[in-house]
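Read through the structure below, which is laid out as structure tokens, and then see the notes.
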Amino acid sequence: MNTLVLPDLPDEVLRSRIDEVIRRHWVQPHAAEPLTPPGPEHVEQLAHTALDTMLTRQFRVGPLPSAEMYEKFLAPIRRFVAKGKPIRVTVGYGPHKNPNAVAHSRADWAEFFALGHLVAWHNKVQRVYPPGLQFQIYFDDETLLLANFANKSIMRSYMSSVADLIRVLGYQAVFLPPTRITNFAWFLRFGPYQLFRFTLIQIAEWRVRRWERDPANREQMERMREYARRNVLVPAELSDEARERFVERASHRFRVCWDALRMGAQIFSDRERLLALYLDGSQHHRQQTALHLTSVDKGQMTQPWQGEGVLLDNGRGKLEPFVLTSGRRSRYHVRIIDGLELVPAPGFERLAVVWPHRDDDSEV
């Protein structure tokens, strides 16, 4: 039963409900408190407490990490704790909105909710480890340039809008200025093996071709092809056969670029880097040591750049942050509410509220 009865609510009533939700999710960061570097006997306890708090279900996707993976996460956290510094988390981010899902090239309510969710993560950790967390967003523009031939101006528009939104929301205390992988990905073309006339891209190409020839990986390749279909903007004039080839080649290029970046990260490793990604890691052909996070709210896994940020009527009287992707759009009713004035940034004067078609009620 849809208890909100959205089609029947007057605009002013629904707008008031939306304002309440926005204010609740505009999380104010707890101030990081200074911490005198603890003695060796306290570092281990504090590091474990901080990591255990970071891995709570509200923010974690999937099962708890294995003992081996837990230790890999713990190693950089120990170093931050020993210095009494905030735990720095590198957050992987797409460099533009999915062109198959939205027409604009700027941050919207999905990024608003995602940034607030990260601040809530910091606040939870800060209660047990006074310096808390410090985030730096890394836009993966290099991969999309090489794999998807992405538009540079569209990427610049989106990336700058995310940085602007961080300032508008007052989150500079917990977010370092975002940066782009392109800024340090020179090793993809001019790597340490240049002496032998090999770049990391060439090495990755050989590794990926070998991986693709293994019949055991065919199922994973098809899953990755499906991800490519959702993300790549295919020229409209192509035939069905040519479209499939385009998607398959984009999927292959993505594997090559990602593999090269992964090798580069290992060669030029930052011992204090703690990487966080959205989703569960199944989008890659090789696993990477990373925390896998919920995105816009507890239980939500969709990357914020994959669609438009909206509020979902959950059928139980509440509106929840939700990302309306291209695949979901046809399954939901959409009602636009204008005249919002809380967030002084382009596009934030309106927000869509969605609820499933009757046949899809069970999916909410």
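Looking at the stretch 245-291, which of its residues are of a type in the set (Ser, Thr, Tyr) and at pLDDT 75 or above?
Taking the stretch 245-291 as the starting set, the residues that turn out to be of a type in the set (Ser, Thr, Tyr) are 251, 269, 278, 282, 289.
Within the stretch 245-291, Ser251, Tyr278, Thr289 meet the criteria.
Can you name the residue in the stretch 232-251 that is touching a helix residue (DSSP H, G or I) at 6+ places or on another chain (Cβ under 7 Å) and not in a loop (DSSP other than H, G, I, E, B) and, of all such residues, is farthest from Gln303 (Cα to Cα)?
Step one: of the stretch 232-251, the residues touching a helix residue (DSSP H, G or I) at 6+ places or on another chain (Cβ under 7 Å) are 232, 234, 238, 247-248, 250-251.
This time we only want the ones that are not in a loop (DSSP other than H, G, I, E, B), so: 247-248, 250-251.
Values: Val247: 20, Glu248: 22, Ala250: 20, Ser251: 18 Å.
The extreme case among them is Glu248.
Rundown of residues vs (1) under 26 Å from Trp355 (Cα atoms); (2) in a loop (DSSP other than H, G, I, E, B); (3) assigned by TED's automatic domain parsing to the domain that holds Ala147, yes/no style:
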| position | (1), (2), (3) |
| --- | --- |
| Ile18 | yes, no, yes |
| Arg23 | yes, no, yes |
| Asp52 | no, no, yes |
| Lys85 | no, yes, yes |
| Asn100 | yes, yes, yes |
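Check off (1) touching a helix residue (DSSP H, G or I) at 6+ places or on another chain (Cβ under 9 Å); (2) more than 30 Å from His42 (Cα to Cα) for Val89 and give me the number that stays unchecked.
(2)
What are the residue pairs meeting all of these: first residue in the stretch 91-112, first residue acidic (Asp, Glu), second residue in a loop (DSSP other than H, G, I, E, B), Cβ atoms under 6 Å, and 6 or more apart or on different chains?
From the stretch 91-112, the pairs are Asp108/Gly347.
Do you know which of the residues in the stretch 8-56 that are surrounded by fewer than 14 Cβ atoms within 10 Å (Cβ to Cβ) and hydroxyl-bearing (Ser, Thr, Tyr) is nearest to Val310 (Cα to Cα)?
Per the criteria, the residue is Ser16.
Count, please, the residues in the stretch 305-363 that happen to be touching a helix residue (DSSP H, G or I) at 6+ places or on another chain (Cβ under 9 Å) and of a type in the set (S, T, N, Q).
3
Residues are listed down the side, and each one gets a yes or a no for (1) touching a strand residue (DSSP E or B) at 6+ places or on another chain (Cβ under 6 Å); (2) modelled with pLDDT of 85 or more; (3) within 28 Å of Phe135 (Cα to Cα):
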{"residue": "Val168", "(1), (2), (3)": "no, yes, yes"}
{"residue": "Gln172", "(1), (2), (3)": "no, yes, yes"}
{"residue": "Met224", "(1), (2), (3)": "no, no, no"}
{"residue": "Asn231", "(1), (2), (3)": "no, no, yes"}
{"residue": "Arg243", "(1), (2), (3)": "no, no, no"}
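Return the residue satisfying two criteria in turn: it lies in the stretch 57-99 and is crowded, with 17+ Cβ neighbours inside 10 Å and polar (S, T, N, Q), and of such residues it is farthest from His122 (Cα to Cα).
Applying the filter and picking the extreme gives Asn98.
The values are calculated or read from the model by the stated rules, or taken from the named source; none is laboratory data. Since the model is a prediction, treat every value here as computed from it, not as a measurement. So basically every Cβ, Gly included, is an ideal-geometry build from the backbone, and we count neighbours across all protein chains shown.
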